[in-house]
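**Student:** Okay, here's the structure, questions in a sec.
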Protein chains: 2
Amino acid sequence: MIREMTKLDFEAFWPCFESVIKAQESYTFDPNMSLEMAYKLWCEMPLKAFVWVDGEQVLGSYYIKPNGMGPSDHICNCGYMVDVDARGKGVARQLCEHSQQIAIELGFQAMQFNAVVSSNEIAVKLWKKLGFKIVGTIPLAYRHGKLGYVDSYVMYKWLLT
Amino acid sequence: MIREMTKLDFEAFWPCFESVIKAQESYTFDPNMSLEMAYKLWCEMPLKAFVWVDGEQVLGSYYIKPNGMGPSDHICNCGYMVDVDARGKGVARQLCEHSQQIAIELGFQAMQFNAVVSSNEIAVKLWKKLGFKIVGTIPLAYRHGKLGYVDSYVMYKWLLT
């Protein structure tokens, strides 16, 4: 089930969130940031944040926000995170499909990911399957925890038909 | 002369800043934002902001900030603005060259512009001349005040030799 995220949900999700940012393999967040800072970035600064829950367990989450202001506020940006133990079950796909629907309801016309780490092949493959295209490659944009400097992709999808 | 920007400088520069954002030809800022909001975005949230001054007159300005956090905090982002009446005098070039020097002093390794409006040909040409490459094209990313939807470019330069 996907529903809006509460502060309690975020606290329940924090161990997963923290392990993801500490691994430094996918997110451009400070790996040492606090729960409060992460909550601010993931839930308070964006327009909305959602969770994928199975009973009491928070298995995944995403936020949605405008990617730019004024003349670019028709494009939104989302970030997705899934618990390591819940991967391969279609949680990320469901979150992304949900986010596209919410984006359209909120009046956005396109969705853009600014920094998909190129070595995160599972994510790149999934976003492509869901209709996103690589529209840019930023050289050496990410200091990967295991691989050193790797490129990042800008990915984009026009949402309206 | 280029020096760090004060609040007074920003107030002096505001008529220029406001006319630029109201034109909706180059910046992804809300065209109706207040001086206080603009000051926050241009001077307070970035790491630093500088002005190009001729005596009392503020003819141009730029900000510098990290483009990402954590594993991407080696790339900076800058924005430049030049008074309409001072264009063609090399102010933007000097600001950009200055910003690259400051970026290196601050420890950044690369510089990225996330949304160079494709129809802003003078800017695109200048950034190319100064060593930036187009590494991405975001389709219909900008609602231009005169031209309607136009693409935006992601431009990038590795600063270290």
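**Student:** I'd like the residue in segment B:39-83 that is away from chain A (no Cβ under 13 Å) and among the aromatic types (Phe, Trp, Tyr) and, out of all such residues, is surrounded by the most Cβ atoms within 10 Å (Cβ to Cβ).
**Tutor:** Ranking the candidates gives B:52 first.
**Student:** Quick check on my filter: what residues within segment A:101-115 are more than 8 Å from chain B (Cβ to nearest Cβ) and of a type in the set (A, V, I, L, M)?
**Tutor:** Scanning segment A:101-115 gives A:102, A:103, A:104, A:106, A:111.
**Student:** OK, next. Being surrounded by 20 or more Cβ atoms within 10 Å (Cβ to Cβ) and of a type outside the set (A, V, I, L, M, F, W, C) is the filter here, so list the residues in segment B:84-99 that pass it.
**Tutor:** Matches in segment B:84-99: B:99 only.
**Student:** Just to be sure I understand the filter: pairs with C-beta atoms under 6 Å, separated by 6 or more residues or on different chains, first member in segment A:148-161 and of a type in the set (Gly, Ala, Ser), second member part of a strand (DSSP E or B). Which pairs pass?
**Tutor:** Close Cβ pairs satisfying both conditions: A:152/A:115; A:152/A:117; A:152/A:138; A:152/A:141; A:152/A:142.
**Student:** I would also like to ask the following. Residue by residue through segment B:89-114, note down the ones that are in contact (Cβ under 8 Å) with a residue 40 or more places away in the chain and more than 21 Å from residue B:13 (Cβ to Cβ).
**Tutor:** B:100, B:103, B:104, B:106, B:108, B:109, B:110, B:111, B:112, B:114
**Student:** For segment A:14-36, name all the residues that are more than 24 Å from residue A:152 (Cα to Cα) and of a type in the set (A, V, I, L, M).
**Tutor:** Hit for segment A:14-36 is A:35, nothing else.
**Student:** I've got another one for you. Check off (1) outside any helix (DSSP H, G or I); (2) in contact with an Asp or Glu (Cβ under 8 Å, 6 or more places away or on another chain) for residue A:21 and give me the number that stays unchecked.
**Tutor:** The failed condition is (1).
**Student:** Still on this structure: So the check is Cβ under 7 Å with 6+ separation or different chains; which pairs have a first residue in segment B:119-139 that's assigned to a helix (DSSP H, G or I) and a second one that's aliphatic (A, V, I, L, M)?
**Tutor:** What qualifies is B:123/B:116; B:124/B:116; B:126/B:92; B:127/B:116; B:127/B:155.
**Student:** In addition: Looking at residue B:86, is it more than 12 Å from the chain's Cα centre (by Cα), free of Cβ contacts under 8 Å to residues at least 40 places away in the same chain and within 14 Å of residue B:5 (Cα to Cα)?
**Tutor:** no
**Student:** Moving on to the next point. How many residues, within segment B:116-161, are aliphatic (A, V, I, L, M), closer than 23 Å to residue B:75 by Cα and at the interface with chain A (Cβ under 9 Å from one of its Cβ atoms)?
**Tutor:** 6
**Student:** Across segment B:7-38, which residue is surrounded by the most Cβ atoms within 10 Å (Cβ to Cβ) among those that are away from chain A (no Cβ under 14 Å) and free of Cβ contacts under 8 Å to residues at least 12 places away in the same chain?
**Tutor:** Ranking the qualifying residues of segment B:7-38, first place goes to B:15.
**Student:** Inspect all residues belonging to segment B:79-97 and state whether any of them is assigned to a strand (DSSP E or B), farther than 30 Å from residue A:160 by Cα, touching a Gly at 6+ places or on another chain (Cβ under 6 Å) and modelled with pLDDT of 95 or more.
**Tutor:** For segment B:79-97, residues assigned to a strand (DSSP E or B), farther than 30 Å from residue A:160 by Cα, touching a Gly at 6+ places or on another chain (Cβ under 6 Å) and modelled with pLDDT of 95 or more: present.
**Student:** Continuing with the same structure: Can you tell me which of B:153, B:149 is assigned to a strand (DSSP E or B) and surrounded by fewer than 16 Cβ atoms within 10 Å (Cβ to Cβ)?
**Tutor:** B:149
**Student:** Of the residues that make up segment B:57-70, is at least one touching a Gly at 6+ places or on another chain (Cβ under 8 Å) and part of a helix (DSSP H, G or I)? I'd like the intermediate steps shown before the answer.
**Tutor:** Applying the first criterion (touching a Gly at 6+ places or on another chain (Cβ under 8 Å)) to segment B:57-70 yields B:62-63.
If we keep only those that are part of a helix (DSSP H, G or I) as well, we get none.
No, segment B:57-70 contains no residue that is touching a Gly at 6+ places or on another chain (Cβ under 8 Å) and part of a helix (DSSP H, G or I).
The values are calculated or read from the model by the stated rules, or taken from the named source; none is laboratory data. Here the structure is a predicted model, which means the values were calculated and not measured. Here Cβ is always computed from backbone atoms with ideal geometry, including for glycine, and neighbour counts include all displayed protein chains.
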